[in-house]
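A short worksheet on the structure shown next.
Taken together, the values in this text are just the output of simple stated rules run on the coordinates, not laboratory data. This one's a predicted model, so the numbers in the text were calculated from it and none came from an experiment. Virtual Cβ from ideal backbone geometry, glycine too; neighbours counted across all protein chains shown.
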Amino acid sequence: MKKDILICGVGGQGTVLASKLLASAFMEQGEEVRSAETIGMAQRGGSVISHVRIGKSFSPLIPFGKADLILAFEPAEAVRNLNYLKPDGLVIVNCVPVKPATDSLQNSGYEAKPMIDYLKKTCDCIVVDGEKVITQFGSAKFLNLAILGTAAKYDCLGLKKEDLLCAIEQIVHARYVNVNKQVFEEAEKGAFL
Amino acid sequence: MKEYVMGNSAIALGALAAGVKLVSGYPGTPSSEIIETVSKYPHDGVHLEWSVNEKAAIEVAASAAYSGARALVTMKQVGLNVASDPLMSLAYVGVSGGMVIVSADDPGPISSQTEQDTRRFAEFARIPVFDPATPQEAYEMIQDAFVCSETYHTPVLFRPTTRVCHAYASIDIKENWRVKEYEGFIKDSKKWVIFPRLSFINHAKIEKRNPEIGEAYSEYRFNTTEGAGTKAVFASGDSYCYAKEFLQDQKGVKLIRIATPYPFPERFVLDALEGVTDVICIEELSPYIEEKLLQLAGKYKLKIEIKGKLTGNCPASGENSTMIVSDILSQFLGLEKRKTTDYSDAPVLPVRPPVLCAGCPHRASFYAVKKAMKGQKSYFCGDIGCYTLGNAMPLDMCDTCLCMGAGITMAQGFHWVDEEGKTFAFVGDSTFFASGMTGVVNAVYNDADMVLCVLDNSTTAMTGHQPHPGTGRNMMGQFVDKVSIKKVLEGIGVKKILTVDPLKLSDAVAAVKECAEEKGVTAIIFKSPCIAVTKPERPLVIRETCIQCKTCIREIGCPGIILQDGKVTIDQTLCTGCGLCAQICPINAIGGETV
């Protein structure tokens, strides 16, 4: 298999965990996986990207126009990284924005709607309602599993549901395995669309 | 055994597989995870330490290497500057056991002050350097580096870059490692004590040896030539990966990869250049390979056109990427430029500048100084760490920042040219130990006038919350006496030292005013733990009585205070309940939930 998946969001949203879950699931299937992360300034509200490359590849970063799938945890970050998307690629995006930390001081005017509208206009796009995740499970921290679950529903990962459930058991802290599996299963049924 | 790990972990595991005895270093992005990895895997018999700074790290390791034991030292590239004094001399003295110094470069730069190139440093120090392109290579090459060090009795540099350090890959690792046996230190003052006469003799030996290393590594399995043609691409490090990604679909071009930049593998390169008329060099940070090729072309009178940074064909600064390299190579090969989708009609994207975390005590410390010194001419000399972010609006409390420990000494310089203004230096607890203490001695000895603000948050935060001498914990799992910053300052002779909780705003402001009124060197230790190493308090809320004056937002700009539907609100997922905003609100409209 050859697949390139870009995960993007804001520091703290759980992009690195999502990247590890995917890597684990693909490796269980015997695939070669590599990834590159931006870490460091992520803690302090910066943009973060993980490039997950499955199959034979040389560059640690996905080339522009080659990503099969973009999993975007944040609307502006989805638009920011559209250059990576291949012509018939798919974007799965959470519609709840994270305003920049400086927004209250100097209003950037950033709103999610224009971003989501632009995405719908420019590419194949599935919108995940982050608010429903927060309402049902009490925290934005479960966004990553909601997005992965939604991706599983549309069968665009190249993974079976069981592969990801297995990965959750292996990677997520024991105390949170069950709730994470729940979020994933709900998302896979389409609960957050 | 297969492990999915980042490049830094691959380096650590490779060093363990090589039987390393001692691992030392100082935190620095992108190298910090190497030592953290060693601590997470079995490492019986290995001495592991975060040294107080990179100079100490090299020196501690050198003795191990003198004793025939293998030693690994880790740092980022600017840390190499701090380590350069011992390293330059060590190159002349040599080693017995293998000693490898990992200096992680940072193209961009993403989080460093310079785009300096460790390959150049290796040449300057006259020692070999290895340049891995992937985590798997890093695992194997670090072991080769130890062998090289022992074969040629020289310290060896190892320079990964961010995209190797922080890239994850599945690597095959050897299990059941143990410390390689070593014979111990054999006294021989003619060998181990540096004197000009010894340096004169050894310098000649080094200059004779280096071309021999270049010759030997012309056979090295990671110096490779792929493809064929009259056009050739030279690449090193992650640039090799970007080039290979593009060239996998091309024919009629050679891809030549240099894994041992110094000593330059001359014979390998000359062989690779057979039949080549046009060359382009794909590299980051400096045109090192390009210059070496120009030297070679001059020496052997080669008829080759060499392109790269110097000819303007490659960017002079900044990080490479698959796209930048594809565009360069398309042009070089006379191919059509890639078609790109035009996203220029996208809505304007928000900028996300890094800011201090919600609840960070540094915000309170800077605010206290700002408030206390309002209306007075002051200089605020910052330093390297999370607290460099004190420069962000609305605090704007950082006039200068140069390098580790510089704030303390720069504050003194400003005083000497402007005795009317009041100078402040801000330094973190880890930076204080690393390179701040001597600056304070300088201030007391030269009778300067300044207020030293030590921002003690009990950790080395920016690089990932590593422990340091003031935290009472070291990497051998030992709980040790904390080195007291206050006692150090007392010992140096600082006459007035106040310790204050920055989150108690009026106490903090009073402390600043008290010190600012004094002549000479005074110090305030702002003591409050980093939010990442302590449990948060309950988040605060904006009360109904809020008049939307936005003083809280304008004065401190905490990311926890947001505008929701136009109204000032506290983000309950970010607020740690530090209470700073509550102390700033003019009408007491911020407080706990139950009030």
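Using the beta-carbon distance between B:E514 and B:Y41 and R0 = 56 Å, what value does 1/(1 + (r/R0)^6) give for FRET efficiency, to the nearest 0.05? Let's see the in-between values first.
On the way: r = 50 Å, r/R0 = 0.89.
About 0.65, to the nearest 0.05.
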Spin-label proximity, A:N83 to the range B:326-352 - amide N less than 18 Å from point 7 Å beyond Cα toward beta carbon: B:326-331, B:337-352
B:T471 long-range amide H proximity, modeled H, under 5 Å: B:V483
Residues with amide H under 5 Å from that of A:L90, placed H, sequence gap 5 or more: A:L69, A:I70
Gap separating the Cα centres of the range B:87-120 and the range A:13-85, nearest whole Å: 30 Å
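What shape does the range A:88-193 have by the C-alpha gyration tensor, where a ≥ b ≥ c are the square roots of the eigenvalues, rounded means a/c under 1.5, and otherwise prolate means a/b greater than b/c and oblate the rest? The partial results should precede the final answer.
Details: a/c = 2.47, a/b = 1.42, b/c = 1.73.
Oblate shape, in that a/c is at least 1.5 and b/c is the bigger or equal ratio.
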Gained length - B:K567 relative to B:M476, 0.36 nm times residue gap less alpha-carbon distance: 27.7 nm
R0 of 25 Å, Cβ-Cβ distance A:M1-B:K251: FRET efficiency to nearest 0.05: 0.45
Between the range A:141-161 and the range A:95-134, the Cα center-to-center distance that results, in Å: 20 Å
Reachable aspartates and glutamates from B:K496, criterion Cα separation under 19 angstrom, eight or more residues apart if same chain: B:D429, B:D447, B:D449, B:D456, B:D507, B:E514, B:E517, B:E518
Pairwise centroid distance, computed over Cα atoms, of the range B:441-497 with the range B:518-595, Å: 27 Å
Sites B:T230 and B:K190 - FRET efficiency at Förster radius 56 Å, r taken between beta-carbons, to 0.05: 0.55
Inter-chain shielding of A:106-114 (mean C-beta neighbours from other protein chains, 10 Å cut-off): 3
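Find, among the trypsin sites (Lys or Arg not before Pro) in the range B:344-401, those assigned to loop by DSSP (not H, G, I, E, B) with at most 11 other beta-carbon atoms within 10 angstrom.
Details: sites: B:R363, B:K370, B:K371, B:K374, B:K377; in loops: B:K374, B:K377.
When the trypsin sites (Lys or Arg not before Pro) of the range B:344-401 are filtered for loop state and at most 11 Cβ neighbours within 10 Å, B:K374, B:K377 remain.
Taking the DSSP beta bridges in the protein assembly as shown as the whole, what percent of them are antiparallel, to the nearest 5?
Numbers: 33 of 102 bridges.
Restricted to the protein assembly as shown, the bridges split so that about 30 percent are antiparallel.
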Distant alpha-carbon pairs in the protein assembly as shown (separation over 50 angstrom), percent: 19 percent
Projected area, mean over directions - the range B:240-396, Cα convex hull, nm²: 15.9 nm²
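Which value, in debye to the nearest 20, gives the size of the charge dipole of chain B about its Cα centre, when Lys and Arg are +1 and Asp and Glu are -1 at the Cβ?
Numbers: 60 positive and 68 negative charges, 109 e Å.
Dipole size: approximately 520 debye.
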Filtered GluC sites (Glu not before Pro), the range B:530-567: DSSP coil and at most 12 other beta carbons within 10 Å: B:E544
Low-density loop positions, GluC sites (Glu not before Pro), the range B:126-232 - DSSP coil, at most 16 other Cβ in 10 Å: B:E175, B:E181, B:E183
Antiparallel %, DSSP beta bridges [both residues in chain B], to 5: 25 percent
Prolate/oblate/rounded label for the range B:1-156 (Cα gyration tensor, a/c 1.5): rounded
Rounded, prolate or oblate (a/c below 1.5 giving rounded, otherwise prolate when a/b exceeds b/c) for the range B:1-84 by Cα gyration tensor: oblate
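Compute the length gained on full extension between B:V351 and B:C549: take 0.36 nm times their separation in residues and subtract their Cα-Cα distance, giving the result in nm to one decimal.
Length difference between fully extended and current span is 68.8 nm.
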Quarter of the Cα convex hull surface for the range B:116-159, i.e. its orientation-mean projected area (nm²): 3.0 nm²
Where a label projected 7 Å from the Cα of B:E274 along Cα→Cβ would reach, residues of the range B:235-264 with amide N under 19 Å: B:252-258
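In cubic angstrom, how much convex hull volume per residue do the alpha carbon atoms of the range A:115-155 span?
About 71 Å³ per residue, rounded to a whole number.
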Cross-link partners of B:K339 among lysines (Cα-Cα below 19 Å; sequence separation of 8 or more within a chain): A:K66, A:K86
